[in-house]
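Below: the structure, in structure tokens.
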Amino acid sequence: MAFARTILGDVDPSTLGVVNSHDHLIRVGAGEVYLDKDHQLDSVEKAETEAGYFAKASLNWSKQGGTVVDMCPINCGRDIEKLAEVARSVENLQIIGATGFHREHVYLETQSHWINRYSVDQIADLVIADIREGIDRNDYTGPLVDRSPYKAGVIKIGTAYGEITPFEHKCMEAAAKAAIETGAPINTHTTYGTCGLEQAQTLIGLGVPADQIAIGHIQRNADVYYLEEILDLGVYLEIDGTNRIKYQPDSNRMMELKAFKKDGYEDRILLGTDSGKRSYQKVYGSVSGVDYNPAVDGPRMIAEGFDPDYVDKLLIRNAHNFFSFRKEA
């Protein structure tokens, strides 16, 4: 039987409701916060309020409410106890937690990081344990590992701007092994929409089934020809970055989504918001937030004449398929 793995337990994927396929509710420190304090999201109370906005907006599209996929991976400020507290507290909300790795840049002193000392198999075993046993309460900052009861339901990998570093490739190898072993989906980070094609080719070459891979943040490269080259490999694309006018107008995303429908890719497109900074969340004063897909994108797509069934796929059904495990984990 198909299942999705939320941090509070395995569920029927049809109960996920509206899915925000890439976002951040809790981040308590680590490299990204060191580089930019705007990434600090350490308040459970504020996360509950922000997630509540999303759950409420999601009820307009699904009686199940909604699911946030919190994409904070290993050594990037995960606090699984805080994240579970949010999941338990907010009505009509489920949360999928992540394991895996970000791009090399956020790990700061990468030369001394344990990634460089452990074998690919050893690293893969840690990712697998996050999925099968429970996410380490210490976020693999070591030396002790203290397993929580809260299991990861998605694997992350990330790559740099215009390149895949040796550190990142090693992480990809470990993620691929873990994905093949557990059946967990891989959802990626691209930097400014680069290396999406190479990510997909590499993971497929390592043996990961194409439909178990979603290439993320890829909308920043608003080149439909290039994006459909990636889709032709059989993977999913995850479109996020909502209301980021400093990068491009939202009309670019609408243009991409229309093209994907016209060209026959409507079943492999996911939506997220990646509102992983205080300045991107309503609870900290932003005009947009984690609820942007159901609150703004959905109504806009209907107003622009999108097929309602396609809107349902974008907000709900495609993600139900993608976040289903491919085997008993």
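Since every read-out is calculated from the coordinates, none of them should be taken as a lab result. Fair warning: this is a prediction, and the values are worked out from it, not measured in the lab. For neighbour counting, all protein chains shown are included, and Cβ atoms are generated from backbone atoms with ideal geometry for every residue, glycine included.
Ranked by how many other Cβ atoms sit within 10 Å of their own Cβ, fewest first, the residues THR15, THR6 fall in the order THR15, THR6. Take the chain, connect every pair of alpha-carbon atoms lying under 10 Å apart with a spring to form a Gaussian network, then pick out the residue of ASN293, ASN252, ASN187 with the largest mean-square fluctuation. Per the Cα network of the chain with a 10 Å cutoff, ASN252 tops the list.
Here ILE26, ILE245 are placed in order of increasing Cβ neighbour count within 10 Å, fewest first, which gives ILE245, ILE26. In terms of surrounding Cβ atoms within a 10 Å radius of their Cβ, ARG300, ARG117 rank from fewest to most as ARG117, ARG300. Checking the Cα-Cα distances for LYS246/LYS327; LYS46/LYS177; LYS246/LYS313 against a 32 Å cut-off, the pairs over it are LYS246/LYS327; LYS46/LYS177.
The stretch between ASP125 and ALA259, if pulled fully straight at 0.36 nm per residue, gains 44.2 nm over its current Cα-Cα span. A helix-only calculation puts the chain at -9500 deg cm²/dmol for mean residue ellipticity at 222 nm, using -39500 (n - 2.57) for each DSSP H run of at least four residues, averaged over all residues. Shown is the FRET efficiency for ASP38 and MET1, computed with R0 = 51 Å from the Cβ-Cβ distance and rounded to the nearest 0.05: 0.75. For GLU163 and SER251, the difference between the fully extended length at 0.36 nm per residue and the C-alpha to C-alpha distance is 28.9 nm. When the trypsin sites (Lys or Arg not before Pro) in region 1-99 are filtered for DSSP coil states and for at most 15 other beta-carbon atoms within 10 Å of their beta-carbon, the remaining sites are LYS63. Distance between the modelled labels on ILE302 and LEU206, one decimal in nanometres: 4.1 nm (7 Å Cα→Cβ projection).
Note on ARG88 and ARG137: the model spin-label points, each 7 Å out from Cα along the C-beta direction, lie 1.3 nm apart. Net charge dipole, the chain: roughly 380 debye, given to the nearest 20, about the Cα centre with Cβ charges of +1 for Lys and Arg and -1 for Asp and Glu.
Residues considered: GLU45, GLU133, GLU109. Largest GNM mean-square fluctuation over the chain, using C-alpha springs under 10 Å, is found at GLU109. Relative to one another, the C-alpha centroids of region 138-179 and region 1-65 are positioned 19 Å apart.
With contacts taken as Cα pairs under 8 Å at a separation of at least 6 residues, the chain carries a relative contact order of 21 percent.
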